Amino acid sequence: MTALTLAAAQTLSIAGDLPANIERHLAFMQAAAGHGVQVLVFPELSLTGYEPSLAAGLAIAPDDPVLTPLRDMARELRLTAVVGMPIRLAPEGGVLIGALVLAADGSVAVYTKQYLHPGEELAFVAGQGGAALERGSDRIALAVCADFTHASHPRLAAEAGATVYAAGVLISEGGYATDSALLQGYAAEHGLLVLMANHGGPSGGYVCAGRSAIWTADGGLLAAVSGVGEALVIARRQGGQWAGQVVAV
């Protein structure tokens, strides 16, 4: 197996403040690159915060120039960053919960949340998912929060050849035990490395749990943040073995 280094970014988002959140994402990208990270996954709607009431006014097209600093940084660092943003695929289209793949080659790919949480239909429309990221012999399947609560989502990813399942999420204190158990179970059931990037502080009125984590393909916990705050959770594979690390940012 080739060497591979992935990371979950546990970030704090300022509600609706895209410029400030972009600056923080740039700092996370630089920190991750300093640890050799090749693919960095941010939480659900990380660039705006999880703010359904603001989403329509903040939604952009995936190629919007506002993302240029992030795209330039990804290219400069040779890093692929998966960032959360409300998007529209057509000017008059509905608002989707997007995970934008800002690739190391300067390209942008789009994943859209397929399964909405109850109540999200008031602000968003369901998306169509997106292609897995190809990294050598690895296939990194993406998910956004409620996607993983549907068992068919990780199962279909595994059947399509995924080796990694990477979810950007917003998980509250009340939901953490159930949701983390689901993700850990998928790791063992499907033989996947499972990565979960959660918000590190309040967003959208939710008390987020933090505790971003990565599980290995046998369901073992590789690394996790102990609580809230900002951090990177890193998984590094050398010689077929995974090692985990948590770094404060």
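When residues in the stretch 204-228 are screened for being open to solvent by 20 Å² or more (accessible area, probe 1.4 Å), small (Gly, Ala, Ser) and closer than 26 Å to Leu54 by Cβ, 2 of them pass. Among residues of the stretch 170-189 that are on the phi > 0 side of the Ramachandran plot, none has a beta-carbon under 7 Å from a residue that is part of a loop (DSSP other than H, G, I, E, B) and open to solvent by 60 Å² or more (accessible area, probe 1.4 Å) at least six positions away or on a different chain. Within the stretch 211-249, the residues that satisfy the criterion of being part of a loop (DSSP other than H, G, I, E, B), within 19 Å of Ile171 (Cβ to Cβ) and not charged (D, E, K, R) are Ser212, Gly219, Val225, Ser226, Gly227, Val228, Gly229. Residue count for the stretch 1-20, restricted to those that are touching a strand residue (DSSP E or B) at 6+ places or on another chain (Cβ under 9 Å) and within 21 Å of Val144 (Cβ to Cβ): 10. Just checking, does the stretch 110-128 include any residue being in contact (Cβ under 8 Å) with a residue 40 or more places away in the chain, in contact with a Leu (Cβ under 8 Å, 6 or more places away or on another chain) and open to solvent by 20 Å² or more (accessible area, probe 1.4 Å)? Yes, there is a match, as at least one residue in the stretch 110-128 is in contact (Cβ under 8 Å) with a residue 40 or more places away in the chain, in contact with a Leu (Cβ under 8 Å, 6 or more places away or on another chain) and open to solvent by 20 Å² or more (accessible area, probe 1.4 Å).
Within the stretch 149-191, the residues that satisfy the criterion of being assigned to a strand (DSSP E or B) and open to solvent by less than 10 Å² (accessible area, probe 1.4 Å) are Val164, Tyr165, Ala166, Ala167, Gly168. Apart from one condition, Gly94 fits all of (1) open to solvent by 50 Å² or more (accessible area, probe 1.4 Å); (2) over 19 Å from Glu230 (Cβ atoms); the exception is (1).
Checking each residue in the stretch 18-43 for being in a helix (DSSP H, G or I), farther than 15 Å from Pro69 by Cβ and touching a residue at least 60 places away in the same chain (Cβ under 8 Å) picks out Ala31, Ala32. Collect the residues in the stretch 192-210 that are more than 16 Å from Ser46 (Cα to Cα) and not in a strand (DSSP E or B), keeping them in residue-number order. Within the stretch 192-210, Leu192 is the sole residue that qualifies.
The values are calculated or read from the model by the stated rules, or taken from the named source; none is laboratory data. This is a predicted model, so every value here is computed, not measured. Positions of Cβ are generated from backbone atoms using ideal geometry, with glycine treated the same way; all protein chains shown enter the neighbour counts. In case anyone asks, the SASA skips ligands and DNA or RNA and just uses the protein heavy atoms, side chains included. Shrake-Rupley method; radii C 1.70, N 1.55, O 1.52, S 1.80 Å.
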